[in-house]
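The values are calculated or read from the model by the stated rules, or taken from the named source; none is laboratory data. The shown structure was predicted, so the numbers you read here are calculated from the model rather than taken from an experiment. Here Cβ is always computed from backbone atoms with ideal geometry, including for glycine, and neighbour counts include all displayed protein chains.
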Amino acid sequence: MGIVETMMGILVSLCFFGVLICKRLVRQYAQDPLRQNERDKDFAANMLFFSKWLLFLGVFFTISYVVYYTVKGSLWQAHLQDWLDLIFRWLHIIFGIAWIGASFYFVFLENSLNRNNNVRDELAGNLWAIHGGGFYYLEKFKAAPKSIPKHLHWFKYEAYFTWLTGTCLLTVVYYFDAESFLINPEITNMTPVIGVMIGVSSIVFSYVFYELLSKPAMLQPKRRPLFFAIMFVYLAIVGYGLSLVFNPRAAYIHLGAIMGTMMAGNVFFCIIPAQKEMVFAAKEGREPDVSLGIRASYRSYHNNYFTLPVLFIMISNHFPSTFGHQNNILILALLCLAGAGIKHYHNQWERGESNKWVVPLSIAFILSAIYITAPMSRDELLNAEKVSFSEIHPIIQQRCSPCHAKNCTDDVYIVAQKGIIFDTPELIVQHKDKILNFAVINKTMPQGNKTRITQEERDQLEKWIIQGAKLD
Ligand code: HEC
């Protein structure tokens with residue numbers, strides 16, 4: 001049984017099993033006279049909602065599997081996979097923008113509230129804004145309002161759907177085609193199933209680590225530097241570990257998935273439950289448990305600093321000079337520090353505070369990354385033994401053309417990838433800089449080294465290009 005069959009089997013069983021559990025809980029709660037308070041009613045309503053979603057997902061996965069089984073091995077397999085990639089990527093950025101946008105907006109509100117000038121007693125602050133041709137006036141309450149309004153807007157599905165579509169995207173791109181995108185055959189010859197298991201457990205284990213570290217005492221503002229330092233070292237170690245077994249691009253994306261899971265987990269397990277507690281308490285006319293609210297605000301603070309690093313990781317696959325570099329985890333660490341630093345400055349700026357060293361330090365981190373990834377001087381290659389085109393041509397034909405020709409011969413990549421075609425000597429010369437970048441410096445091509453290029457062949461390509469990529 002292949003990886004797709006195993007994963008589909010597990011997913012579909014989990015979905016249908018989940019439906020049964022949810023339905024059972026809904027029945028139990030409906031019949032139990034002790035469970036008719038606001039909290040339990042909300043829980044039962046959530047379970048009903050979940051059961052519908054799980055049923056939908058179970059049916060969706062089953063149909064997907066039938067489709068997959070039908071198209072397997074035909075030209076449609078790679079085609080549909082490509083479209084799944086497109087659709088999930090599209091959805092992922094739509095929900096991601098909605099989530100991060102709302103999150104930035106509320107951080108802005110919190111930082112910019114007028115808290116002193118003519119503010120009613122029950123309010124924490126207010127704010128005037130103009131946008132899209134209209135004036136807006138907002139008020140923030142110190143505690144809950146006297147009565148909870150009927151229509152209260154929540155911001156949670158953006159986060160959940162960002163996570164769900166991200167998980168689907170990770171599966172479609174890195175797990176369905178684990179041999180090309182997840183595992184690096186130059187480093188290890190593990191099977192796709194083992195690779196996927198390592199990937200998934202790195203995410204689950206990291207989330208557990210984060211939860212264990214987030215003890216109330218550790219979350220105190222005065223411990224924040226220590227907390228962030230531990231998380232930073234932990235993520236660097238995990239990233240380094242993953243880069244030892246995975247394709248470097250997959251190692252990057254897994255770090256992004258790990259941080260994204262922490263962020264979505266904070267919303268699901270901490271922030272939304274705390275808000276629910278505030279609403280229930282107000283409805284029941286009692287004091288809310290403030291410790292939950294405080295904890296949620298700390299988690300929200302973490303999310304705020306994760307945003308820019310995670311956003312970089314999401315676009316990192318366009319930049320092989322970062323993930324393809326031999327010190328790729330160091331480069332990622334520098335860019336994450338720069339991102340978190342710039343977010344810190346942004347927060348302070350909105351609050352009207354300023355800290356002189358954050359921006360220069362963040363820029364210094366980016367400059368160091370630019371410096372580390374600079375191409376090395378290759379003067380010695382100019383004078384090395386001359387490499388002729390007749391030595392290069394067979395390498396390109398054998399190692400690249402299967403996926404980069406008008407008529408591709410690869411079993412998965414049936415159209416020329418990224419429109420790069422090496423059918424004629426002129427086309428090869430035309431793409432020489434890209435060949436140098438992708439096949440020599442970053443070694444991200446051939447994809448997953450499917451055509452087993454050797455280091456000697458990469459060296460030959462390098463010499464030929466540095467010597468001027470002549471056709472004789
Ligand atoms: C097994 C299939 C496969 C082989 C073999 C292969 N490539 Fe690619 N190539 C791809 C895929 C897939 C992409 C698109 C990658 C992406 O979307 O990130 C690609 C993209 C590229 C790009 C464009 C990258 C960009 O982002 O602009 C270049 C250049 C390239 N390959 C060069 C080569 C060279 C040179 C070789 C041979 C040494 C080679 N490829 C062998 C599959 C392959």
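Every residue in segment 351-368 that is within 15 Å of Leu308 (Cβ to Cβ) and over 21 Å from the mean Cα position of the chain (by Cα), please.
Answer for segment 351-368, where residues must be within 15 Å of Leu308 (Cβ to Cβ) and over 21 Å from the mean Cα position of the chain (by Cα): Val358, Val359, Leu361, Ser362, Ile363, Phe365.
Condition (residue is buried (at least 18 other Cβ atoms within 10 Å of the Cβ), in contact with a strand residue (DSSP E or B) (Cβ under 7 Å, 6 or more places away or on another chain) and modelled with pLDDT of 90 or more) applied to segment 87-94: is it met by at least one residue?
No, every residue in segment 87-94 fails to be buried (at least 18 other Cβ atoms within 10 Å of the Cβ), in contact with a strand residue (DSSP E or B) (Cβ under 7 Å, 6 or more places away or on another chain) and modelled with pLDDT of 90 or more.
Find all pairs meeting these conditions: Cβ atoms under 8 angstrom apart; at least six residues apart or on different chains; first residue within segment 433-452 and farther than 16 Å from Ile465 by Cα and near the ligand (Cβ under 6 Å from one of its atoms); second residue in a helix (DSSP H, G or I) and of a type in the set (S, T, N, Q).
Going by the 8 Å Cβ cut-off, the qualifying pairs are Gln447/Ser180; Gln447/Gln417; Lys450/Ser180; Thr451/Gln398.
If Gln417 meets every condition in (1) touching a His at 6+ places or on another chain (Cβ under 8 Å); (2) at pLDDT 90 or above apart from one, which number is that one?
Every listed condition holds for Gln417 apart from (2).
How many residues are surrounded by 21 or more Cβ atoms within 10 Å (Cβ to Cβ) and modelled with pLDDT under 95 when one looks only at segment 325-339?
1
Please go through segment 412-427 and give me each residue that is within 9 Å of the ligand (Cβ to nearest atom) and not in a loop (DSSP other than H, G, I, E, B), ordered by number.
Of everything in segment 412-427, those that are within 9 Å of the ligand (Cβ to nearest atom) and not in a loop (DSSP other than H, G, I, E, B) turn out to be Gln417, Lys418, Gly419.
Kindly indicate whether any position in segment 16-34 is buried (at least 16 other Cβ atoms within 10 Å of the Cβ), at pLDDT below 90 and among the hydrophobic types (A, V, I, L, M, F, W, C).
no
With among the aliphatic types (A, V, I, L, M), part of a helix (DSSP H, G or I) and touching a residue at least 24 places away in the same chain (Cβ under 8 Å) as the only criterion, which of Leu169, Leu152 stands out?
On inspection, the qualifying residue turns out to be Leu169.
Is there any pair linking a residue in segment 110-130 that is surrounded by 13 or more Cβ atoms within 10 Å (Cβ to Cβ) to one that is assigned to a loop (DSSP other than H, G, I, E, B) and of a type in the set (A, V, I, L, M), with Cβ under 7 Å and at least six apart or on different chains, and which?
Short answer, once both residue conditions are applied: Ala124/Leu113; Gly125/Leu113; Gly125/Val119; Asn126/Leu113; Asn126/Val119; Leu127/Leu113.
Considering only helices (runs of 4 or more DSSP H) fully contained in segment 252-327, which possess at least 3 residues that are within 16 Å of the ligand (Cβ to nearest atom)?
Of the helices (runs of 4 or more DSSP H) lying wholly inside segment 252-327, those with at least 3 residues that are within 16 Å of the ligand (Cβ to nearest atom) span 290-315, 320-323.
Does Thr409 count as free of Cβ contacts under 8 Å to residues at least 24 places away in the same chain, under 22 Å from Asp177 (Cα atoms) and within 10 Å of the ligand (Cβ to nearest atom)?
So Thr409 passes the test.
Across segment 178-206, which residue is farthest from the ligand (Cβ to nearest atom) among those that are without any contact (Cβ under 8 Å) to a residue 24 or more places away in the chain and not aliphatic (A, V, I, L, M)?
Top of the filtered list is Phe205.
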